[in-house]
1. Can you list the HN-Hα couplings for segment 230-244, worked out from phi with the Karplus curve (6.51, -1.76, 1.60; θ = phi - 60°), rounded to whole Hz and with x for Gly and Pro?
2. Regarding segment 186-237, what are the three Cα extents along the principal axes, ordered largest first, in Å?
3. State, as an integer percentage, the relative contact order of the chain based on alpha-carbon contacts under 8 Å between residues 6 or more apart.
4. Taking a cut-off of 20 Å between Cα atoms, list the lysines near K52, but don't count ones fewer than 8 places away on the same chain.
5. Counting Lys and Arg as +1 and Asp and Glu as -1, each charge on the Cβ, what is the dipole of the chain about the Cα centre in debye, to the nearest 20?
6. Around I17, under 14 Å between beta carbons, what's the net of Lys plus Arg minus Asp minus Glu among the other residues?
7. I need to check one value: relative contact order of segment 149-274, counting alpha carbon pairs closer than 8 Å and at least 6 residues apart, in percent.
8. To the nearest 10 degrees, how steeply does helix 189-198 sit against the main Cα axis of the chain, on a 0 to 90 scale?
Amino acid sequence: MTEHVTIVSHDAGGAEILSSWLNRNNYPASVVVAGPAKKIFRRKCPQADFLKLNDALTKSSWVLSGTGWESNFERQAIVKARDLGIKTIAFLDHWVNYRERFEENGFTVLPDEIWVGDIEAKRIANNLFNQTPILLKPNPYFEDLLNEITVIQQVKAKTEKVRVLYVCEPISNHALKQHGDVRHWGYTEQDALRFFLKNIYAIFKPIDLITIRPHPSEWKDKYKWANSETHLPIQFGGKKTLIEEIIESNIVVGCESMAMVVGLLAKKRVLSSIPPGGRPCQLPQLDIENLQQLVRNGRLYI
């Protein structure tokens with residue numbers, strides 16, 4: 001497939017994969033971005049041909065989109081391209097909520113083809129979308145990350161300090177948009193962070209620093225309240241790249257964030273902080289530890 005491609009992206013996870021894909025492939029391309037994807041593409045692909053969707057589709061042979069669910073931006077692009085007879089491909093960037101990523105006003109909006117970046121994603125997608133071709137592709141974002149990890153680790157000085165990176169997600173926003181209930185999955189992002197802060201000593205000690213990194217779609221002061229919930233030192237991340245903040249940490253904590261999988265790539269200890277009453281962590285990676293289980297076991301990590 002060598003024809004002109006239109007890349008459509010809104011959410012951060014998909015933008016990371018698609019921008020890495022664009023940098024690794026020599027296709028004539030137009031880029032249509034909104035939301036968090038704007039910043040990511042401008043940083044990683046500054047020379048790209050940024051256009052509005054209608055303008056891009058006039059010269060497009062096929063469309064490669066993300067599968068975000070913070071907006072309907074990518075789904076609308078799939079519908080418009082399909083109406084014009086243009087082939088559509090969507091690259092799944094995660095392992096959870098696959099069906100919801102293609103739902104639009106009560107209808108399922110599927111592309112002509114779905115790409116996935118690993119075997120687990122292919123297994124999940126095959127079970128849900130048995131009428132749509134599911135193709136396994138190398139994950140270009142993870143390939144870039146592995147290269148970046150090697151470079152940064154070579155220049156970073158080792159430290160004995162224990163540093164935790166807490167990666168946030170707008171869980172309640174997603175639940176409200178998809179299901180009309182901020183607690184549809186049994187918890188909110190605030191519940192999860194409070195559960196982590198309250199039970200931090202069930203995991204490890206001592207801790208020298210906690211970095212709370214808001215999701216790219218969240219406002220920077222959303223979690224300032226956490227300062228009053230623990231006497232441990234807290235700082236707020238997001239000024240550096242995700243991989244830089246992961247490498248500077250010993251432990252990565254979150255709920256179901258892709259950043260947790262990136263933590264595994266960097267060989268960090270990774271924990272899910274979903275509190276009691278929340279649905280189990282849907283990430284399939286077996287090396288992710290369960291904070292609830294550690295609390296029940298009364299284990300300490302020293």
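The values are calculated or read from the model by the stated rules, or taken from the named source; none is laboratory data. Note that the structure is predicted; figures quoted are calculated from it, not measured. With ideal geometry, Cβ positions are generated from the backbone for all residues, glycine too; neighbour counts draw on all protein chains shown. All accessible areas refer to the heavy atoms of the entire protein, side chains included, with ligands and DNA or RNA removed. Shrake-Rupley method; radii C 1.70, N 1.55, O 1.52, S 1.80 Å.
1. Each residue's phi maps through the Karplus curve to give 7, 8, 6, x, 10, 10, 10, x, x, 7, 9, 5, 4, 5, 5 Hz.
2. Principal-axis extents of the Cα atoms in segment 186-237, largest first: 31, 27, 17 Å.
3. It comes to 15 percent, rounded to a whole number.
4. Here the lysines satisfying the reach criterion relative to K52 are K38, K39, K44, K80, K87.
5. Charge dipole, the chain, about its Cα centre: 640 debye, nearest 20.
6. So the environment of I17 carries a net charge of -3.
7. 32
8. 20
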